[in-house]
1. Within the chain, how many Lys pairs sit with Cα atoms under 29 Å apart, leaving out pairs fewer than 8 places apart on the same chain?
2. Rounded to the nearest 10 degrees, what's the angle between the helix 290-301 long axis and the longest principal axis of the chain, both from Cα atoms, 0 to 90?
3. How tilted is helix 177-193 with respect to the longest principal axis of the chain? Cα atoms for both, answer in degrees (0 to 90, nearest 10).
4. Normalised by the number of residues in the chain, what is the relative contact order in percent for Cα pairs under 8 Å and 6+ residues apart?
Amino acid sequence: MTIKQLFLRIICILLVGLPTWSASAERLQLCYHGLRLEISQDKHWGYGLPIITSIDRYSPAEHSGLAIGSIVKQIDGIATEGLTLEQVYAMLESPSREHVLEATSLSQGAQSYLLQRSCRPLGSLSEQDLAQLFAHYSVEDTRMLLGGYPYTYSSSSMIEPGSLRTYAFAPSSAESEAIDRELNGLIGEILSKMGLRETIDSPDMLIYTDYSLNPMESDSTYSSAGKPYSWRFNTRTREIDPLPLLEANSPDALARYQLSLGITFVRPDTTQQTIWRVEARERLSAPLNLVEYARHSLPTMLRFSPKSEPQGQTTYLMQTLRYQYTGLIFNRKNLSQIIDMDLDSPAARAGIRPGDVIRSINGRRLEGKSLEALFAAYESFIEETKPLREQSAPLYNTPHGDQGLAPWAKEAYTEIARQIERQDDNAFFAYLFSFRPWIQEHTDAPLLIEIERPGGRYRIEVMPEIRDASYITPVTQ
């Protein structure tokens, strides 16, 4: 499956749901909730039931308080046991704008959550949609790729929801105390976000870590130039970073080191029965600090997987997605018309209303422009400016292209800005990345939006927000 095919699949099935009739407006609308689900095959956690695998930032699901890893047992009072994934999504895409979900998390047990869907007219385009469509203005902010994470999971006992609320770390030896302290700190941050609490008084589980980093015998004829790497998502910086980790199909001759990292949760009694264990094993083409590896890996290692004790590679979809957000929603057929708007958005607070006509933003005119014409000019611009990109850098994939594109060369920022300026009105949607120096010099300046409505024309200053909707989510094979 190509990146483009995967993107279309996510857009059509998982992210926004299917277009559905709105019960209130009685017109075709596009609605979404921001949940991604899979049917669990893990016999120790929600077997046969839908599990939340990721939640979009700024989405109704995030606002609802639902948590990744939770088991969804009921939707509007209807049990989800025995339903297919398509049937579960269909329930969430029914005409009602609100749904009550009974979901069970590891620490909180069963609770009810109100999930409100966000809807907008079919044929509308949000700024997030447009940022992905015009992604090559800033591939640094719109990258999308697949990556394999070599984790194995095991469990020897059924996990009772709500029974595991507290934890403690096993004692460290003098030799491992320093690195254990750093690893335990990273693990503790993740568990705290899951609602678990560290305590030394009768914890529900005890956590052991084990790790190693050892040199490997390698082919002496192998050249060190252009060492292999793979991409990993950093949940702290929300960036996709290159690490010297070999892909599963890379030959052992390229490996210089073998790394392993394991986390085991056991019952703190005389049985020391394993509750759950996850282990990562990696081959490295160059040295890598173990704590740095843990920063990139622990957030995915400690996710509850919907699969039953997966062995080998677990595939994840990673995307960086940053853009200037004002809350404007454009009419696909008549771009200059604001067909809808997010409530309490920067544009709404500044006084712009649905039905207003956008004449220009920062002097670039939109009136009379079609999406097709703007996109054709954009594609020509991207092709003509390829010499201004890093010539030896890795290529970045974006949502609307199968061929990768390198980031802009830092020494060419001034020339890139000049080329965008020459595009004039055709570079209208470059404003979505105006926090970048190659788009405009003053990256923190407000947008000057000229609108027209019955009664006159107005110039309104809008201070946009930089939204970072970057994410990582497991992909069903």
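1. Eligible lysine pairs with Cα atoms under 29 Å apart amount to 17.
2. Relative to the chain, helix 290-301 is tipped by roughly 80 degrees.
3. 50
4. Rounded, it is 17 percent for the chain.
Readers should treat all values here as calculations from the given coordinates under stated rules, not as data from a laboratory. This structure is a prediction, so every number in the text was calculated from the model and none was measured.
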